[in-house]
Amino acid sequence: SGDSSEDEAQMKWEEQQIKKAVKLSEEVYGDAALHKSRSAKPKIDPSVSLPPVNLEIVKKRLTERIASLQDVHRAHQREYEKYLEDIESSKMTVQELENSSDAALNYKFYRAMKTYAENLINCLNEKLKYINEVELAVHALLQQRAMRVLERRQDELKNESDYIQRLTSGNDKPTNGRLEGDEKTKLLEMCEHRRTCRRQAREHSGDADHHEGMSSDDELTPEEVTEFQKTKDNVLEDSRKIFEDVHADFCDIRKILLKFQEWKEKFPDSYCDAYISFCLPKLLNPLIRVQLINWNPLEQGFTELEEMPWFRAIEEFSDARNISASKRDDDPDGVVLPKVMDKTILPKITAFVKSMWDPLSTSQTKNLVQLCSNLLEKQVLSKNECSRAKEDLINTVVQRMKKSIEEDVFIPLYPKSTVEDKSSLCSKFQERRFWSAVKLLSNVLLWDGIVQEDTIRDLGLSKLLNRYLLLNLINTPPGPDNVEKCRKVVACFPEGWFQDLRSGSTLPELLNFCQHLLQCARALHKNNHSNETKEILLLLVKIKALGVVEDFIEEHKLEHLKSVI
């Protein structure tokens, strides 16, 4: 225990000595650092002079400092104002986005519209073959009827001409004034029977201004009418079944257009960018053709295009911009109706002209002319005058009239002794053929204003009047019959042809006709037919052959007729 007490005392002494040594070293280090810091302070040398400082220098430096701070402040102010504008713009954008349709709703609309368009196209593609079949069936039926009438008329013309030729040559004799004998003669009897029925109908209706030969002779027998109507009814029944299993949203043109109208009103930019206005005419084509299955512009009292449901629906759709007050200056849907006419209606009319139109039928010609005038003059068609469909229609009309002139016009020339008797078969046949040609001339000239004037003048005057009619007029003795023929011919000429002619002249194609009128006037004046002479002069005045009239009046000293000029 004694050893341990000593060891403990020794350890305490060592600890005390160590503490003293540490404290002494810290004091020595602190004194050395203080001395060093004091020795490092700069010493001011009183011999060095500082630059002079006065009030102006201080003022200048303060002014520069203030200007610099003001520039920095203005920059900060501009940046602050820009931030405020950005904040307001962002608030407005947020407000517009909050007020606009939700993106999910927009996507839902576009997705539904895409699905609807795909289903509509698939439906129309499936029904298109049935539409083509029904349309071809109706077209073939109408074409067959037209060809039957045309062939019958040409056969009867050939048979009657041959019969009269045999009669005049003495190889045959009429029995009791009637055409009897073989099968051809029976056909002629049927033709004469139809002619008698038409004559009785005109007498009953009081139609006195008519000449034999000016009828179309397109009547069908009761059996043919019944067969035609039965077949037509069957085809129309098939056409009504085409869309009977289709929902109205996919076959009703008005409802289809309402779908696209909704797209246009909600998203006009995407509607325009998708060129919907150029797609609609092709999309609606099958549905319009179905409504036109029973449409025949050659028939009397046919339904006007403006009265059809599809026309009214497209017309309302095209005018919808005015109702909704769209912000767009141009209406992309304004081309829908003209393009429908150009792509669907004109080709159908062209098919009627090519296969079914009879240029000898005045009623058919007037219906066609009225229809084409409405389409062209009322600007229903596209304003593009180079429309291919329009050119095809006009070219088809010209070719059909040219074909009719070449195949349907036949005016025989018989010896004068055989036609002097107006009751003879030769005279009656020749008169009927003349008046048939006059009727064709009138129908051809009805197209003036639609077909180019030069083409109409070539067909009507050069090919028909000068080649056929004028030869018969020259061989007709001057008198009331000749005057009546000339009057009817002149009545066919459009008045617009003579409005811009220079004084005293007429059309070059009418020079030979004018010479014939002049010869008639001289013969009538020589025979003291003053009334007929005056009427001939009036006809010359009407076609602007004023120089010929003046020379005739001066030559024959007819000063009292100067008033007709």
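What's the total number of residues in segment 537-549 that are within 45 Å of the chain's Cα centre (by Cα) and assigned to a helix (DSSP H, G or I)?
6
Which ranges mark the helices (runs of 4 or more DSSP H) fully within segment 205-308 that have 1 or more residues being open to solvent by 60 Å² or more (accessible area, probe 1.4 Å), farther than 29 Å from N125 by Cα and at pLDDT 90 or above?
222-240
Restricting to segment 479-529, give me the number of residues that are assigned to a helix (DSSP H, G or I) and either over 30 Å from K422 (Cβ atoms) or open to solvent by 80 Å² or more (accessible area, probe 1.4 Å) (or both).
So the count comes out to 15.
Across segment 409-431, what is the number of residues that are buried (at least 20 other Cβ atoms within 10 Å of the Cβ) and not hydrophobic (A, V, I, L, M, F, W, C)?
Count: 2.
Would you be able to say whether some residue in segment 261-271 is closer than 22 Å to V138 by Cβ, more than 25 Å from the chain's Cα centre (by Cα) and without any contact (Cβ under 8 Å) to a residue 40 or more places away in the chain?
no
Against the definition (over 30 Å from Y271 (Cβ atoms), part of a helix (DSSP H, G or I), assigned by the TED database to the domain that holds E237 and not acidic (D, E)), how does Q77 come out, yes or no?
no
Any residue in segment 436-449 that is over 39 Å from the mean Cα position of the chain (by Cα), surrounded by fewer than 20 Cβ atoms within 10 Å (Cβ to Cβ) and within 25 Å of E156 (Cα to Cα)? Steps first, answer last, please.
Step one: list which residues in segment 436-449 are over 39 Å from the mean Cα position of the chain (by Cα), which gives none.
The answer is no, given that none of the residues of segment 436-449 is over 39 Å from the mean Cα position of the chain (by Cα), surrounded by fewer than 20 Cβ atoms within 10 Å (Cβ to Cβ) and within 25 Å of E156 (Cα to Cα).
What number of residues within segment 413-451 are under 17 Å from D358 (Cβ atoms) and outside any helix (DSSP H, G or I)?
Number of matching residues: 2.
So R467 ticks every box in (1) under 25 Å from S417 (Cα atoms); (2) under 43 Å from the mean Cα position of the chain (by Cα); (3) open to solvent by less than 40 Å² (accessible area, probe 1.4 Å) but one. Which box is left unticked?
All conditions are met except number (3).
In the list L120, L128, L136, which residue meets the criterion of being open to solvent by 80 Å² or more (accessible area, probe 1.4 Å), within 30 Å of E244 (Cα to Cα) and not small (G, A, S)? If you could, list the steps in order and put the result at the bottom.
Values: L120 fails: open to solvent by 80 Å² or more (accessible area, probe 1.4 Å); L128 fails: open to solvent by 80 Å² or more (accessible area, probe 1.4 Å).
One residue alone meets the criteria, L136.
The values are calculated or read from the model by the stated rules, or taken from the named source; none is laboratory data. These numbers were taken from a predicted model, which means no experiment stands behind them. Note: ideal-geometry Cβ built from the backbone for every residue, glycine included; neighbour counts use all protein chains shown. Keep in mind that these areas ignore ligands, DNA and RNA; they rest on the heavy atoms of the full protein, side chains included. Shrake-Rupley method; radii C 1.70, N 1.55, O 1.52, S 1.80 Å.
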